[in-house]
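The values are calculated or read from the model by the stated rules, or taken from the named source; none is laboratory data. The shown structure was predicted, so the numbers you read here are calculated from the model rather than taken from an experiment. Cβ placement follows ideal geometry from the backbone for every residue including glycine, while neighbour counts extend to all protein chains displayed. Just the protein is used for accessible areas: all its heavy atoms, side chains included, with ligands, DNA and RNA removed. Shrake-Rupley method; radii C 1.70, N 1.55, O 1.52, S 1.80 Å.
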Amino acid sequence: MAYAEKDYNTALQWCLKYSDLVRSSNNIENIEDSERLFTKIYEKLKLYEDAYTHLKASKKIEDSLKSIQKNNALSYYQTLYETNKRDQKIKDQNSEIQLLDEQNTRKAQLLWLSIIILIALFSIIYLWRSRKYSQKNAELQKIFAQDLIHSVEAERKRISSELHDSIGQSLLLIKNKILLDKDNNTDTALVDYAIDEVRNISQQLHPFQFEKLGLINSIKNTIETFQNNSTIFYSEDIEVESLDISKDKEIFVYRMVQECLNNVEKHSNAKACNTSIIDLKDAILVEIKDNGDGFDVTQDTELLNSLGMKTIKERAQIIGAQLSINSVKGKGTTIQIKVQKH
C-alpha cells in the first residue's frame, strides 16, 4: 500500500521488516519476492546501485530455483522410469502365479464371506436383544426408584403431619394445662423441649411449610435454621421469587439442598457456606459452595459413593437434573444442580 501510494521511504522500512521475516523462515520464494520489491523501491528512490544489487540477487535466486526444479524434474522422471520398469517386470512375473491362484482364492473368499455373514447375523441379533434387555431393565429400575422415592416422600409427609398436627398439638395442650394449673409446680421446660424435638423431626421428615411457602422460602428458612444452630456462617444469594419447575421437582431440589447442607455441617470443617440460585433461560442453577477441607474427586471414591452423595445423585437422575461436584483439597467444595424448566 505504501508503494502504491508512492510513499517509498515507508515502503522501504516495511520491506526491510519483511525481508528479515522471510529470511528467518528460509523460504526461498519469499526471499526472491522481497529482493524484487527492494529493486522496485530503490529504483523509485533513484538509488540505482542498490536497485541493481537486489536485482542481481533476485535473478540469482530465480536461476537457483529453476536449476533445482530442473534437477528435481530429471531425478523424478528417472526414478519414475526405473520404478515403472521394475514394477512391470514384477507384474509379468506375478501374472502367471495370480492366474493359478485366482480360482482357489475365489473359493476361499466365498467360504469366508459366508462364515462372516453368519457370524455378523448372530452378533447383530445378540446385541439387539441385549440392548433391548438393558433398556428395559434400566427403565424398570428408573421407574422403581421413582416409585420408591415418591413412596418414601409420601410416608415422610404423612408422619410429619402426624407429628406436627397430632403429637405436637397434644404436647402444646399439656403445656397450656400445666400453665393454667397454678397449683401445679411441674417444670414446663421438658414439655418445651419435647415440642421442639417433635417440630425438628417433623421439619426433617417433611417441611410442613413447604406447600405454603414454596421452594425458595423453604430453602431460605432451612439456611436460617442451620445458621442459628451452627458455628459455620451460612448465607444465601437468592434473588429470584419463584421458579418455573413442577412441584414434584421442587421437593427433590429441596431434599438435595438439604442433604448438601447436612454434608457441609458434618464433614466439611468449613467456616462459611453460601447457597445461590440463578434463574437461567431454560433452567435453574442451584449452587452450594463452602470453604472447608475439600477432597480429591479422582481419589476419594468412598466419599463420592457415600449414602448421602448416592441419594443426591439418584434424586438428580430421577428429575433429569445435571449434577456437578467440584472439590479441591484445602479449598472447599462446590456442588451445582441444574434443573430444566417445564
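Listed values, structure above:
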| quantity | calculated |
| --- | --- |
| Over region 213-296: Kirkwood hydrodynamic radius from C-alpha pairwise inverse distances, Å | 13.3 |
| Of LYS249/LYS313; LYS281/LYS310; LYS249/LYS281; LYS142/LYS313; LYS142/LYS249, pairs whose Cα-Cα distance is over 19 Å | LYS281/LYS310 |
| Ranking by accessible area, most exposed first, for HIS267, HIS342, HIS54 with a 1.4 Å probe | HIS342, HIS267, HIS54 |
| Accessible surface of region 40-81 [probe 1.4 Å, protein heavy atoms]: carbon and sulfur percent | 55 |
| Heavy-atom accessible surface of region 252-342: percent carbon and sulfur, 1.4 Å | 46 |
| Neighbourhood charge, 14 Å Cβ-Cβ cut-off, centred on LYS136 and excluding it, Lys, Arg +1 and Asp, Glu -1 | +3 |
| Accessible area in square angstrom per residue, region 1-72, 1.4 angstrom probe | 74 |
| Per residue convex hull volume, Cα atoms of region 55-112, in Å³ | 85 |
| Probe 1.4 Å, all protein chains present, accessible-area order of VAL264, VAL328, VAL297, largest first | VAL328, VAL297, VAL264 |
| Accessible-area ranking of LEU37, LEU111, largest first, probe 1.4 Å | LEU111, LEU37 |
